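> One structure coming up, written as structure tokens, with questions to follow.
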Amino acid sequence: MVKTITTALPKRLNERNYMELIVPYVDAMQNMMFRIEALNKDFSRKYQNDPIHHIQSRIKTKKSIEGKLARLQFEPTVENARDHLTDIAGIRVICHFIRDIDWIVDLIKKQKDLIILKERDYIRNPKSNGYRSYHIVFGVPVYHTDGMDYYPVEVQLRTMSMDFWASMEHRIYYKKEPRQPVAQEMLVEEFLGYAKQLEEIEAKMERYCED
């Protein structure tokens, strides 16, 4: 008798499967949010200084997940989302100055139950268009009734000036109206100049806060 081996078919990313997919990512994101907020409060109590201005969080929408999988040339399935996306859960930490970002990153890294999955320092190594930010993806433990799994949470840390630049660049550069290639190139050059100006202003202002 020949034994037939059956394998589960990939789950298409319909509304029901999407809602099931994101449940542990929401838990991981909330876990990470609590850790960051606790560090900020403790730092404030000890040093009378709030390194974090504010925190934002989001879970990728079904449409956004499908779009990114398409750009990566993967089928829009639950399995591909789990296997190939590390930014389903995202947190953005807005700090006052670069030194605040360094403090927060250092403190988070000391938490031994977190795993560093990916790290990109676009502050010391900005993108060609002037984008600056610190990206780090943590594997965050999520406990279930039958065990524990790690889920990725992408944490982006920016100063207020970096966040202002990124928000304006995204709002203006990615408007729906098509632009001529020359106009696009000029726009990139302009925003690169703005990024450098903001970096200089931020550095000057940070000197006033030096201990």
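The values are calculated or read from the model by the stated rules, or taken from the named source; none is laboratory data. Just so it is clear, the structure is predicted and the values come from calculations on it, not from any experiment. Ideal geometry is used to build each Cβ from the backbone, glycine not excepted, and the neighbour counts take in all protein chains shown.
> Go through 3, 46, 41 for me and flag whichever is basic (Lys, Arg), at pLDDT below 95 and part of a loop (DSSP other than H, G, I, E, B).
After ruling out the rest, the residue left standing is 3.
> Moving to a separate point now. Go over the candidates 154, 202, 206 one by one and state the one that is over 18 Å from the mean Cα position of the chain (by Cα), at pLDDT 80 or above, surrounded by 15 or more Cβ atoms within 10 Å (Cβ to Cβ) and of a type in the set (Asp, Glu).
Just one listed residue meets the conditions, 202.
> Are any residues in the range 108-143 among the aromatic types (Phe, Trp, Tyr), surrounded by 13 or more Cβ atoms within 10 Å (Cβ to Cβ) and without any contact (Cβ under 8 Å) to a residue 60 or more places away in the chain, and if so, which ones?
Once the filter is applied, which keeps residues that are among the aromatic types (Phe, Trp, Tyr), surrounded by 13 or more Cβ atoms within 10 Å (Cβ to Cβ) and without any contact (Cβ under 8 Å) to a residue 60 or more places away in the chain, the range 108-143 yields 122, 134.
> Of all residues in the range 84-101, which are surrounded by fewer than 18 Cβ atoms within 10 Å (Cβ to Cβ) and modelled with pLDDT under 95?
Listed by number, the list holds a single entry, 99.
> What number of residues in the range 95-122 are more than 14 Å from the chain's Cα centre (by Cα) and not in a helix (DSSP H, G or I)?
9
> Oh, and also: What residue, of 143, 131, is in a strand (DSSP E or B) and farther than 28 Å from residue 44 by Cα?
Within the list 143, 131, the selection yields 143.
> Counting only residues that are at pLDDT 80 or above and acidic (Asp, Glu), which one in the range 157-189 is farthest from residue 89 (Cα to Cα)?
Ranking the qualifying residues of the range 157-189, first place goes to 169.
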